[in-house]
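First comes the structure, then the notes that go with it.
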Amino acid sequence: MQQHFSLAECDVVGFDLDHTLCRYHLPQSARLIYDSFAQYLVTEKGYDEDLLTLPPDNLDFCCKGLVLDIEEGNFLKLAEDGTVLRASHGTKSMTFEEILEIYGRKEWKHFNTVSGMVSRTAKYYLYDNYFDLPGALLCARVVDSLDQHDGQKKYDFWKDMVAAIQHNYKISAFKEDCGMYFPEVKNHPDKYLRRCPESVKKWLKQLKNAGKILLLITSSHSDYCRLLCEHVLGSDFEEYFDILITNALKPGFFSHTPNQRPFRTLENDEEQEALLSLDKPGWYSQGNATQLYDLLKKMTGKLDPKVVYFGDSMHSDIFPARHYSNWETVFILEELLGDKGAVPVKAESEPLEKKGKYEGDQLKVPYFVSKQWGSFFMDRLPGLENAEETLVHTWSCKCISTYSTIAIPSLEAIADLPLDYRFTRFSSNSSAIAGYYPSPPRALLPSEDSVMMK
């Protein structure tokens, strides 16, 4: 594998939509997601009304990379070798002694499956993107509430949580104005969505003018996708892309075979019958990476076109695109923005008078570094029997260097670079920090260890 990566060498450039091309005002969207699930649990499933009141500082609980041990009601932060670094029961942090007693100093029992990126089982759930995180906080508060009222030892709330997610996000919810989430975003898009900076729009056009094929692959349904794209890119958004794929049901889009997940055409946002193959560019629903790649071969005239895919979810975007399709992957990691070591990215995407009244909230970033959970990248492992504590990489951090080509805080961070800019890859040497652009997180820099981990 060569040491550098350049967009100029790619034939095809693909993008996820949510939190990649379309970025959200995180404090507002987190609160909306939390409220939409909590409302359902209280009104439809009879949970405690206290869940509807959310003190703002509670959002500190939200941290990417946590795993919920569903039956125990425990949240875990894992080291790269699968040992438990930090844990909480509900929202209450466990002491080191409690962690040792329950989990020991050994690989967590489900680590094998979770590290294979299987995040949907009855035993545990992996929280790895901003849509997921408010649900983690709600589940933690549900555990607190059940402990207070019922003193439960094993928990059975997960099926209700799944029902709350399905109620708010099911395919027909947007059209039917069902649940709380879609109606609210439809009515107040400026409150939740950040318009795409001009530099990024110009960059997308530059990619196209350079002969690249541009893809949009999102698990959002076509009607929500249209709302987002019109708002963040403009009414001409379809002109940016050669192929748009909605309701892609990632990661299955990458892992399933064509007969398991055929492409479908759309009419008025309704899915039509399955296609036997993908023959031309356009807007499609569902589908699979195998047939898409066949079309890309035809469009480029190459046997082995080089594809790069940008996304914000390790589980849905980065791991499957690399593991199943062997695509280059660029991980969008907003945590790099909240890190004092990173070069600040220009926030001036539009003139001041055009900025919405919610723009100031960008300063109150909700959870780049959670006080409760510490750094997303590193943590201290206390020593046993008076031994010194050691600094270890988190499992999340290990995934980044294993499955990403590079990691960046936003598209804006690279939009002004020439297309032939040579990025250093993660896999280029043994360094775990090579692939971060514009700079590695401070937590990973040796001189800063003591500062960051306190």
Of (1) at pLDDT below 95; (2) open to solvent by 60 Å² or more (accessible area, probe 1.4 Å); (3) not in a helix (DSSP H, G or I), Asp339 satisfies all except one. Which?
(2)
Of the conditions (1) open to solvent by 50 Å² or more (accessible area, probe 1.4 Å); (2) out of contact with any strand residue (DSSP E or B) (no Cβ under 9 Å at 6 or more places or on another chain); (3) under 18 Å from Tyr309 (Cβ atoms), Pro251 fails just one. Which one is it?
(1)
Quick one: in region 386-436, of everything that is of a type in the set (Phe, Trp, Tyr) and within 24 Å of the chain's Cα centre (by Cα), which residue is surrounded by the most Cβ atoms within 10 Å (Cβ to Cβ)?
Tyr436
Considering region 93-130 alone, what residues qualify as being open to solvent by 70 Å² or more (accessible area, probe 1.4 Å) and either touching a Leu at 6+ places or on another chain (Cβ under 8 Å) or in contact (Cβ under 8 Å) with a residue 40 or more places away in the chain (or both)?
Arg105, Ala122, Lys123
If you scan region 268-277, which residues turn out to be under 29 Å from the mean Cα position of the chain (by Cα) and loosely packed, with under 10 Cβ neighbours inside 10 Å?
Asn268
Is at least one residue of region 61-76 assigned to a helix (DSSP H, G or I) and in contact with a Leu (Cβ under 7 Å, 6 or more places away or on another chain)?
yes
Here are the criteria: (1) under 26 Å from Cys397 (Cβ atoms); (2) open to solvent by less than 10 Å² (accessible area, probe 1.4 Å). Tell me which single one Cys229 does not satisfy.
(1)
Selection count where residues are without any contact (Cβ under 8 Å) to a residue 24 or more places away in the chain and either part of a loop (DSSP other than H, G, I, E, B) or open to solvent by less than 10 Å² (accessible area, probe 1.4 Å) (or both), scope region 1-53
2
Residue pairs meeting the criteria (Cβ under 7 Å; at least 6 apart or on separate chains; first more than 14 Å from Trp158 (Cβ to Cβ), in region 132-145; second small (Gly, Ala, Ser) and part of a helix (DSSP H, G or I)):
Leu133/Ala30; Pro134/Ala30
Can you find a residue that is more than 22 Å from the chain's Cα centre (by Cα) and at positive phi anywhere in region 86-98?
yes
Only residues in region 409-423 that are in the same structural domain as Ser313 (by the TED database) count as the first member; pair them with residues that are assigned to a loop (DSSP other than H, G, I, E, B), Cβ under 6 angstrom, at least 6 apart or cross-chain, and list the lot.
none
Could you list all residues from region 262-288 that are assigned to a loop (DSSP other than H, G, I, E, B) and touching a strand residue (DSSP E or B) at 6+ places or on another chain (Cβ under 6 Å)?
Pro262, Leu275, Leu278, Pro281, Gly287
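Conditions tested, residue by residue: (1) under 18 Å from Phe37 (Cα atoms); (2) touching a Lys or Arg at 6+ places or on another chain (Cβ under 9 Å).
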| residue | (1), (2) |
| --- | --- |
| Met117 | no, no |
| Phe131 | yes, no |
| Gly135 | yes, no |
| Leu138 | yes, no |
| His149 | no, no |
| Asp160 | yes, yes |
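The values are calculated or read from the model by the stated rules, or taken from the named source; none is laboratory data. The model shown is predicted, which means the values in this text are computed figures rather than measured ones. Using ideal geometry, Cβ is built from the backbone for each residue, glycine included, and neighbour counts are taken over all protein chains shown. The area values use the complete protein model at the heavy-atom level, side chains included, leaving out ligands, DNA and RNA. Shrake-Rupley method; radii C 1.70, N 1.55, O 1.52, S 1.80 Å.
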